[in-house]
1. Can you pull out every residue in region 32-47 that is closer than 21 Å to His90 by Cβ and among the charged types (D, E, K, R)?
2. Which pairs do you get when a residue that is on the phi > 0 side of the Ramachandran plot, found in region 38-61, comes within reach of a residue that is surrounded by 15 or more Cβ atoms within 10 Å (Cβ to Cβ) and not hydrophobic (A, V, I, L, M, F, W, C), reach meaning Cβ atoms under 6 angstrom, with the pair 6+ apart or on two chains?
3. Would you pick out the residues in region 51-64 that are surrounded by fewer than 17 Cβ atoms within 10 Å (Cβ to Cβ) and within 16 Å of Gly14 (Cα to Cα)?
4. So, Arg124, is that one basic (Lys, Arg), over 20 Å from Val17 (Cα atoms), outside any loop (DSSP other than H, G, I, E, B) and touching a residue at least 60 places away in the same chain (Cβ under 8 Å) or not?
5. Would you mind telling me which numbered condition in (1) in contact with a strand residue (DSSP E or B) (Cβ under 8 Å, 6 or more places away or on another chain); (2) farther than 18 Å from Thr104 by Cβ Arg64 fails?
6. Can you pull out every residue in region 23-49 that is in contact with an Asp or Glu (Cβ under 7 Å, 6 or more places away or on another chain) and not β-branched (Val, Ile, Thr)?
7. Only one of Asp48, Asp33, Asp67, Asp7 is surrounded by fewer than 15 Cβ atoms within 10 Å (Cβ to Cβ) and within 17 Å of His99 (Cβ to Cβ). Can you tell me which?
8. Only one of Asp81, Asp33 is within 18 Å of Ala123 (Cα to Cα) and out of contact with any strand residue (DSSP E or B) (no Cβ under 8 Å at 6 or more places or on another chain). Can you tell me which?
Amino acid sequence: MDEGMTDVVGLPPGVRVALSRARVRAGASAEADRWMTMLRERHEECLDTLERERMAVEAVFRTREPDGTEHLWWFTLQGEDGAGPDASPHPVDRDHVAHARRTTEPGRLVAEPQVVLLPAPVARAVRAWATGGDDGPSGS
C-alpha cells in the first residue's frame, strides 16, 4: 500500500499517515451500509488483521452531502512496511476488499498531511506498534 506520507512534522519515524476519501457509487448507499455493518459485526476479526498491516490506527468515516453524494474516508497511522489487504490470509480482508470494489468508485482522493500532533507516550506507542519495536506486535 503506497498511500500515506512519512515526511511530516510530528510523525514518528517509520510511520506513515494518510487521510483518503472514496466516493460511494450512485445507488450503492445500501451496500455501503452493509459493508460498515460487516466491519462492526466482525470487529474482532478486523483487529486480528492489524498486526500484519502494522496498522496502529484505522478509522473510517462517512459523509453525506445535500445532493446525496456519499464518501467514505479512511484515516490511518501505519508502519512503512505494513501490508495491504489485497493478499491477506484473513477472510474479513477478502470480504472488505470485495465490498470496496462493489461500493466505491475507482480511485481515492488523498489529502496531504501538514502536521501530526501526538504526545510523547502516544508517539512511542504508535511507533512501537507500527514498526514492530520492543513494545510492538511481536515484542509485547
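The values are calculated or read from the model by the stated rules, or taken from the named source; none is laboratory data. Predicted model, so just to flag it, every value in this text is computed and none were measured. Note that we place each Cβ from the backbone using ideal geometry, even for glycine, and neighbour counts take in every protein chain shown.
1. Within region 32-47, Arg34, Arg40, Glu41, Arg42, Glu44, Glu45 meet the criteria.
2. Cβ pairs passing all conditions: Arg54/Gln78; Arg54/Gly79; Arg54/Gly82.
3. Glu51, Val57
4. So Arg124 fails the test.
5. Just one mismatch for Arg64, condition (2).
6. Within region 23-49, Arg23, Arg25, Ser29, Ala32, Met38 qualify.
7. Asp33
8. Asp81
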